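Take a look at the structure set out below.
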Protein chains: 4
Amino acid sequence: MNKIKRTPIVILNFKTYLESTGKNALKLAVASQLVAEETGVNMVVAPQSPDIYPISNEITIPVFAQHIDAINAGGHTGSTLLECVNEAGAVGSLINHSENRMKLADMDMVVKKTIEKQMVSVLCTNNIETSAAAATLNPDFVAIEPPELIGSGIPVSKAEPEIVEGTVDIIHEINPKTSILCGAGISTGEDMKAALDLGAQGVLLASGIILAKDPKDALLNLVSKI
Amino acid sequence: MNKIKRTPIVILNFKTYLESTGKNALKLAVASQLVAEETGVNMVVAPQSPDIYPISNEITIPVFAQHIDAINAGGHTGSTLLECVNEAGAVGSLINHSENRMKLADMDMVVKKTIEKQMVSVLCTNNIETSAAAATLNPDFVAIEPPELIGSGIPVSKAEPEIVEGTVDIIHEINPKTSILCGAGISTGEDMKAALDLGAQGVLLASGIILAKDPKDALLNLVSKI
Amino acid sequence: MNKIKRTPIVILNFKTYLESTGKNALKLAVASQLVAEETGVNMVVAPQSPDIYPISNEITIPVFAQHIDAINAGGHTGSTLLECVNEAGAVGSLINHSENRMKLADMDMVVKKTIEKQMVSVLCTNNIETSAAAATLNPDFVAIEPPELIGSGIPVSKAEPEIVEGTVDIIHEINPKTSILCGAGISTGEDMKAALDLGAQGVLLASGIILAKDPKDALLNLVSKI
Amino acid sequence: MNKIKRTPIVILNFKTYLESTGKNALKLAVASQLVAEETGVNMVVAPQSPDIYPISNEITIPVFAQHIDAINAGGHTGSTLLECVNEAGAVGSLINHSENRMKLADMDMVVKKTIEKQMVSVLCTNNIETSAAAATLNPDFVAIEPPELIGSGIPVSKAEPEIVEGTVDIIHEINPKTSILCGAGISTGEDMKAALDLGAQGVLLASGIILAKDPKDALLNLVSKI
């Protein structure tokens, strides 16, 4: 697990774009792996649930789920079971992404299940206060993403540096074992450098890369200034 | 698509049991295919989302998703996109299962997407009134499952035959193109025969088979009296 | 109950604007009553839950709830119980408003409870298909409101008359006892007249009146061409 | 506000029982006030939303809401707006009750709104970890209620004292300004005394009192050993 958590880390959330679905998802995962190999950066891909299996069987960089439901195995229909994404190849998961917010008690349950199954947890939050709350649950990462900047192309590391710094400070105080990622609007090498300079240990990103003309080039640019 | 909709049809909802996750899911799917080959019954399996790809690549009987979210491709995280389960191999989907109820407007959107993509839709309902409402949305199947009988081992076809008959009657009136399935508590050959005798064209089932000592035997028993 | 359902009917959804909260809600309710008295139109007000009691005690025109949860009396916290809004003075309710969509099974349960308690039900829908589905549940009214026009100032009766006509036609076929209201973007006398001409028996409206400089004048204008 | 927060505090959640709806709610509120007057205990009642106004106008002890939605004033239908329950007479609110769990970001928003409007916040939690998380949001109270004991008649203060103690310890560490309440299964004087002995500053209770043969007697018994 320590290898998976190596920083600086770049987590690419595939979301549900057609550009990152099925065969396109596989291509994007392969491109991410090439960037990891060429640059030494710890690249992680988070495809949609049905794409975890084929991608995990094709690449060697870590594959994360985008979401895990707060359920145990049993009589549930259409829910995302940790054991199932794990067996399909996911070694970690985003939790509580801004586009899939969870109840506090459910976040707690899912983080505990990830710890038990030795999966990496990335708890997404929207501001300094909820980042502090998230850190008490003992996740591996907290990814701070002001919702108003998600998909905006305006990098949080530049637009609201005080949110990143404040998150870094309070999480260091509450739970020094939790690492901080920075999300929302990140797409260039400068954005990522700014995030690391503010104390983040990596980035969580999506549309800025997925919808780029050449996602591999965009990733190479992203990690060029580390 | 007509071949997929051939009746009598038996849809096996894998839910999120460990007995129907990952490698176990594949085994159950293979057993289902053997039963289809040996008996000529139209067997369909509905595994969890991450298991759709590996199962679809191994078997030739139809694979359905358990749920599809009411979204179009784009910036969503952790949601189930029709295009993604479809490319992974799903040719149909359960919709509005009792363990994953949907808003009416969302059901309408998902049924329309299945029609557009030529996927088979199975709209689950809880009583005669909601079955009538579901039929107006023009799904391929309505699966009537009184929630109190789901997982109970008490077959709806025996405990509440008037609900099945009432559903058959009203759907014939409102939308004769929609076929009726019968769910909840179904597990034996007698249960299934009773369902067909009441006018249903097939069954939707889960725990009665999945948790059986020998699921293949249980399936053979289920279809023995048709 | 027949008196409450008299058409043409104008239902004013107070939503959660400060302009229609607390004392402001009471003022708006009194103004609505004056319009009813001056014009003979069947005016109904739907204030927020905490305002139902004081408003019901002050005016004589019908007061509706904005929403009712699909629960029976018992151990629920913060939910809206039909029996409670009813005892507070509500004689009907909006159900499944676009800003509070419900699951199909829940809509069915709430409509049945309104029938049992002789409260008037107004089922909100977004298109012709869901209007047909809603009508099978046997509500007193279906209020068709294309979500993209809500709060837009663009009246559905002019922008998408075919949706209103299609809804009128299909509901007449499926359930002639259900009356049709027209919502979304309605605010002037011409909008309302257009709605009635298309076969609607009334309108459901909100911001166009609530946020008007003089809500009473706006209401008088609204009903001026009937 | 300090007066409202005086401890030991007893908060009676009326939930949605018929025994605590409408006229019955008013009776229960009056009985609670009598107990407050006779014993000096800080009694708070939390009735359903439509009952806040009539109860606030009849009694002088504090009235809380059972829930507040994470919205600002505007175009929402059927949601519970802080400004509205406040104007109706509520001076505080339960937040995130086990029967109405909220997303973390929403809890944060609602607590901030209560602070801004000088309302008292009672954040309900299910275990030590989520209590710690809740305390970082700076509520006035955290009410720890293991969900499996709610409505059980088995008092948390006896069945799982280590959960109460653990919550008291971690909240003292994370946010000493937050007081701790103890809920779930509390109904007798011994239960309440045990809770206070474990470091809680009050109790949150419901069915044990509401469904008692004589709620006033039950309340008198509850506070008899403080």
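The values are calculated or read from the model by the stated rules, or taken from the named source; none is laboratory data. What you see is a predicted model; the values in this text were computed from it and never measured. Positions of Cβ are backbone-derived with ideal geometry, glycine not excepted, and every protein chain shown enters the neighbour counts. Quick note on the areas: whole protein, heavy atoms, side chains included, nothing else; ligands and nucleic acids left out. Shrake-Rupley method; radii C 1.70, N 1.55, O 1.52, S 1.80 Å.
Under the definition of partner shielding as Cβ atoms of other protein chains within 10 Å of a residue Cβ, what is the mean value for peptide B:40-50?
4
For the stretch A:156-225, what is the convex hull volume of its Cα atoms per residue in Å³?
It is 74 Å³ per residue.
Note down the relative contact order for the stretch A:9-222 as a percent, whole number, built from C-alpha pairs under 8 angstrom at least six residues apart.
18
Show me, for the stretch C:40-47, the HN-Hα J-couplings you get by feeding each phi into the Karplus relation (A = 6.51, B = -1.76, C = 1.60, θ = phi - 60°), rounded to Hz, glycine and proline as x.
x, 6, 7, 8, 10, 10, 10, x
Anyone know which of B:Lys113, B:Lys27, B:Lys213 comes out most mobile in the 10 Å Cα GNM of chain B?
Of B:Lys113, B:Lys27, B:Lys213, the Gaussian network model singles out B:Lys213 as fluctuating most.
Would you be so kind as to list the residues of the stretch B:106-135 that have their accessible area lowered by at least 30 Å² in the full protein complex compared with their chain by itself (1.4 Å probe)?
At a threshold of 30 Å² (probe 1.4 Å), the residues of the stretch B:106-135 that become less exposed are B:Asp108, B:Lys112, B:Glu129, B:Thr130, B:Ala133.
Put +1 on the Cβ of every Lys and Arg and -1 on every Asp and Glu Cβ in the stretch B:9-222; which of B:Gly189, B:Ile68, B:Pro139 then has its Cα farthest towards the positive end of the dipole?
With unit charges placed on the Cβ atoms, the residue in question is B:Ile68.
How much net charge surrounds A:Lys193 when only other residues with a Cβ under 12 Å from its Cβ are counted (Lys, Arg +1; Asp, Glu -1)?
Neighbour charge sum, excluding A:Lys193 itself: -1.
When each copy gets a label point 7 Å from Cα toward the beta-carbon at C:Gln118, what are the spacings between them in nm, shortest first?
4.6, 5.7, 6.9
Report the charge-dipole magnitude of the protein assembly as shown in Debye, nearest 20, computed about the Cα centre from +1 at each Lys and Arg Cβ and -1 at each Asp and Glu Cβ.
For this selection, approximately 0 debye.
Once you sort the root eigenvalues of the Cα gyration tensor of the stretch B:110-226 as a ≥ b ≥ c, which label holds: rounded (a/c under 1.5), prolate (a/b larger than b/c) or oblate (the other case)?
Judged from the Cα gyration tensor, the stretch B:110-226 comes out prolate (a/c at least 1.5, a/b above b/c).
Whenever you get a sec, compute what percent of the accessible area on the stretch D:9-222 sits on carbon and sulfur atoms (1.4 Å probe).
Its accessible area is 48 percent carbon and sulfur atoms.
For C:Glu38, go 7 angstrom from Cα along the Cα-to-Cβ vector, then report the distances to that same point in the other copies in nm, smallest first.
So the label point of C:Glu38 gives 5.5, 7.3, 8.1 nm to the other copies.
To the nearest hundred square angstrom, how large is the accessible surface buried between B and C, total for both chains, probe 1.4 angstrom?
Between B and C, the summed buried area is about 1400 Å².
For a test of the definition: using alpha carbon positions, the gyration tensor, and the 1.5 limit on a/c, classify the stretch B:116-156 as rounded, prolate or oblate.
oblate
Quick one: ranking D:Lys23, B:Lys112, C:Lys5 by accessible area, 1.4 Å probe, largest first, what do you get?
If we order D:Lys23, B:Lys112, C:Lys5 from most to least accessible, we get D:Lys23, B:Lys112, C:Lys5.
By how many nm would the segment from B:Thr60 to B:Lys213 lengthen if fully extended, with 0.36 nm per residue of separation less the alpha-carbon distance?
52.6 nm
Whole-Hz Karplus ³J(HN,Hα) for the stretch C:123-129, in order, using 6.51 cos²θ - 1.76 cosθ + 1.60 and θ = phi - 60°, x for Gly and Pro?
Per residue, the Karplus-derived 3J(HN,Hα) values read 8, 8, 9, 10, 7, 5, 5 Hz.
Distances from C:Thr7 to the same position in the other copies: list them in nm, one decimal, shortest first, using label points 7 Å from Cα along Cα→Cβ.
With the label placed 7 Å along Cα→Cβ, C:Thr7 yields 3.6, 6.0, 6.4 nm.
Hey, in the GNM for chain B with a 10 angstrom Cα cutoff, which one of B:Val35, B:Val63, B:Val45 fluctuates hardest?
B:Val35
For A:Ala143, what residues show an amide H to amide H distance below 5 Å, using hydrogens built from the backbone and excluding near sequence neighbours?
Here A:Leu123, A:Cys124, A:Thr125, A:Leu181 satisfy the definition.
Over all distinct alpha-carbon pairs, what is the Kirkwood Rh of the protein assembly as shown in angstrom?
Final number for the Kirkwood radius of the protein assembly as shown is 29.1 Å.
When the Cα centres of the stretch A:155-223 and the stretch B:76-145 are compared, how far apart do they sit, in Å?
So the two Cα centres are separated by 38 Å.
Please give the net charge around A:Thr114, taking every other residue with its beta carbon less than 15 angstrom from that of A:Thr114, where Lys and Arg add +1 and Asp and Glu add -1.
Charge balance in the 15 Å sphere: -3.
Add -39500 (n - 2.57) for each DSSP H run of 4 or more in the protein assembly as shown, then divide by its residues: what number comes out at 222 nm, to the nearest 500 deg cm²/dmol?
Counting only the DSSP helices, I get -11000 deg cm²/dmol.
Just the number: Rg to Rh for the stretch D:9-222, Cα atoms, Kirkwood Rh, two decimals.
The Rg/Rh ratio comes out at 0.94.
May I ask you to list the lysines whose Cα is less than 26 Å away from that of B:Lys5, ignoring any residue fewer than eight positions away on the same chain?
Counting by Cα, and skipping residues close in sequence, B:Lys5 has these lysines nearby: B:Lys15, B:Lys27, B:Lys103, B:Lys112, B:Lys113, B:Lys117, B:Lys158, B:Lys177, B:Lys193, B:Lys216, B:Lys225.
Net charge within 11 Å of A:Gly183 by Cβ-Cβ distance, Lys/Arg positive one each and Asp/Glu negative one each, not counting A:Gly183 itself?
-2
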